[in-house]
Amino acid sequence: MASASDKSKQRLPSNEEVIEELTRDLESSCIRADQGDQETDAASAARSKDTRLDGGDSWDVDKEGDASNDDNAQNTEPSEDIDEELLKDRDLLLSESEQETLKCEAENLKQAGNDLFKSGEYVQAISQYTQGLQTCPLMYSKERAILYANRAAAKAKCQTEKDSAISDCTKAIELNSSYVKAYLRRAQLYEETEKLDEALEDFKKVLTFDSSHTEANYAVRRLPPLINERNEKLKTEMLGKLKDLGNMVLRPFGLSTNNFELQQDPNSGGYSVKFHQNPM
């Protein structure tokens, strides 16, 4: 028969003892996590000190310097909503120094996005630019324009994001009407999505800022013949469909569109319809 001391050794631990055992290492792990966060903040602050932030193109990702290739193009549906009404309410409560601090934080997010873009991590780059837009105060319109344009550049690499990229370029232009790179990116995206008329207008706009721009000069010569060719093709397709519709209507009467011929009056320029009973 087991003694009383043996029974004491074999007893089940109390609830308090179980909780104490489970949470024994919690405090030390939290301390380690806090230390890691402090180190991250310190690194971010150091990087902010070393980065120039003047609201100009120094903020802008250089698409031409992209070392990756289009084989890395990705499909994505990133969360990118920017609630400007909410930002407006937030900004009203910020002091001047707080606004400057948030601008620096947005710059760090922008730089992280640029680094990801250059590494071909376009989805992650979009996320960083979006966080930058959610952070940067609305008063810094040029900086926000660059974030939108950079996000457009990243979206342009994602197969399903072309229209959204165009919207971001438009937003960048609304914030900075002389932002040449945003016009150029939108023109390229318009052409990629077969919106040739819109592309031509944006390339022409680029030339109003830089008349020697090589790509824009080439585009304003190259696009008009393509637009005419497309219009002729559309006209032919439309007339074909109208002819099919006319034949459908005339068939019960034993007629077709071949029974009718349009003749133009050389004097008035108007048209008359001539009927042929037995068309050739």
- From the option list I227, I173, I166, single residue qualifying as open to solvent by less than 80 Å² (accessible area, probe 1.4 Å), within 28 Å of A153 (Cα to Cα), in a helix (DSSP H, G or I) and modelled with pLDDT under 95 is I227
- Assess whether L102 counts as being over 15 Å from the mean Cα position of the chain (by Cα), surrounded by 16 or more Cβ atoms within 10 Å (Cβ to Cβ), under 16 Å from R186 (Cβ atoms) and modelled with pLDDT of 95 or more. no
- Message: Condition first: open to solvent by 70 Å² or more (accessible area, probe 1.4 Å) and not in a helix (DSSP H, G or I). Now tell me which residues in the stretch 197-224 satisfy that.
- Response: S211, S212
- What is the number of the single condition among (1) open to solvent by less than 30 Å² (accessible area, probe 1.4 Å); (2) farther than 16 Å from N108 by Cα; (3) modelled with pLDDT of 95 or more that K157 does not meet? (3)
- Task: Identify the residue in the stretch 86-99 that is of a type in the set (A, V, I, L, M) and in a helix (DSSP H, G or I) and, among all such residues, is most open to solvent (accessible area, probe 1.4 Å).
- Result: L92
- Is there any pair linking a residue in the stretch 162-177 that is in contact (Cβ under 8 Å) with a residue 40 or more places away in the chain to one that is part of a helix (DSSP H, G or I) and open to solvent by less than 20 Å² (accessible area, probe 1.4 Å), with Cβ under 6 Å and at least six apart or on different chains, and which? S164/K155
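Quick one: would you say S178 is of a type in the set (S, T, Y), at pLDDT 95 or above, assigned to a loop (DSSP other than H, G, I, E, B) and open to solvent by less than 90 Å² (accessible area, probe 1.4 Å)?
Details: of a type in the set (S, T, Y): yes; at pLDDT 95 or above: yes; assigned to a loop (DSSP other than H, G, I, E, B): yes; open to solvent by less than 90 Å² (accessible area, probe 1.4 Å): yes.
Yes: the conditions hold for S178.
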- Within the stretch 128-145, the residues that are closer than 20 Å to E85 by Cα and part of a helix (DSSP H, G or I) are Y129, T130, Q131, G132, L133, Q134, T135, S141, K142, E143, R144, A145
- Can you name every residue in the stretch 257-280 that is among the hydroxyl-bearing types (S, T, Y) and at pLDDT below 70? T257, Y271
- Filter the stretch 112-130 down to residues that are surrounded by fewer than 19 Cβ atoms within 10 Å (Cβ to Cβ) and touching a residue at least 24 places away in the same chain (Cβ under 8 Å) and give me whichever is nearest to C169 (Cα to Cα). V123
- Since F203 meets every condition but one in (1) at pLDDT below 75; (2) within 17 Å of Y190 (Cβ to Cβ), which condition does it not meet? (1)
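The values are calculated or read from the model by the stated rules, or taken from the named source; none is laboratory data. Since the structure is predicted, the reported quantities are computational estimates derived from the model, not experimental observations. All Cβ positions, glycine included, derive from the backbone under ideal geometry; neighbour counts span all protein chains shown. With ligands, DNA and RNA removed, areas are computed over all heavy atoms of the protein, side chains included. Shrake-Rupley method; radii C 1.70, N 1.55, O 1.52, S 1.80 Å.
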